[in-house]
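The values are calculated or read from the model by the stated rules, or taken from the named source; none is laboratory data. These figures come from a predicted structure and were not determined experimentally. As a convention, Cβ positions derive from the backbone with ideal geometry for all residues, glycine included, and neighbour counts pool all protein chains shown. Calculation scope for accessible area: heavy atoms of the full protein, side chains included, ligands and nucleic acids excluded. Shrake-Rupley method; radii C 1.70, N 1.55, O 1.52, S 1.80 Å.
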Amino acid sequence: MAVKMADLLGSTLDTLRYQPTAKRIRVCLGGEPVADTSAAILVWEPRRPVPTYAVPRSALTAQLVPAGGDVGDDEIPGFLDPSVPFTAHTCPGTSFDVIAGGESGAAAAFRPDDPELADYLILDFASFEWREEDEPIVAHPHDPFHRIDIRRSRRRIRIELDGTVLAESSSPMLLFETGLPTRHYLPRTDVTVPLDVSNAVTYCAYKGRATYYSPVGGPADLAWSYHEPLIDAVQVRDHVCFFDERVDVFVDGERMERPVTPWS
């Protein structure tokens, strides 16, 4: 019987997973080298949909100090979306502080109690500066089984909230991302209500730094834009996208069902 790929990948979410990478990975703490290796692996801990890197213990040049006991696999409940720090662990193991050049990363290294990963240390992404080859990366490493595709479209997109039209466009950019609903990025000139910029900021490993906007007098942080996108998302530069989960989206006159996601 045929199996849907999304179901197949989702069925492994509760397991500890890893994948070798051919990329040279360089890690720094406060400007001081911590690791430089071509033998890193991507690691997904149980219930975590995005990976971080683990490096061979032999490649780590920083000092390790035990961070205070073992970690159990049942201490962190629920689904760990990208907003949950990588210092939250869902498999048994031991945490270490990482010290380099007078800087300290608290519990920034983790040795899982797993024979396949016995020679590796999982590193907290936020504690370090990262480069893949010579390129800096943000938020978390790219998942080799996850991608984004952006396509120009002539579909007529209308965004409404409680019957009020927020935006309408016949020249959207459609962003298709693995495991997420289609996002409709509209030219700023097609937004029909004034928007106030928010203090909220998030980072996406594929798209970069997102700036958030709120319709004047409306819900906070209802839309976002990438003003300086990463190379994979240059086509949506300065376009505006609304949360499909919180507005009514009409595609060629047909109202779409609101998706259910962590941002609902």
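From the P(r) of region 45-159, can you give the percent of Cα pairs sitting at distances over 16 Å? That fraction is 66 percent.
Distance between the 7 Å Cα→Cβ label points at residue 182 and residue 160: 1.9 nm.
Placing a label point 7 Å from the Cα of residue 151 along the Cα-to-Cβ line, the residues of region 169-192 whose backbone N sits under 20 Å from it are 169-187.
Judged by the mean number of other Cβ atoms found within 10 Å, the most tightly packed of the peptides 252-261, 178-187 leads the ranking 178-187, 252-261. At a probe radius of 1.4 angstrom, the accessible area of the chain per residue rounds to 52 square angstrom. Hull volume per residue, based on the alpha-carbon atoms of the chain and their convex hull, is 159 Å³.
How do 202-209, 159-166 rank on mean C-beta neighbours within 10 Å, highest first?
Going from most to least packed, we get 202-209, 159-166.
The accessible surface of region 56-191, taken with every protein chain in place and a 1.4 Å probe, is 47 percent carbon and sulfur.
Computed over region 124-264, relative contact order equals 20 percent, with contacts defined as Cα pairs under 8 Å that lie 6+ residues apart. The trypsin sites (Lys or Arg not before Pro) of region 137-179 that DSSP puts in a loop, and whose beta carbon has at most 11 other beta carbons within 10 Å, are 154.
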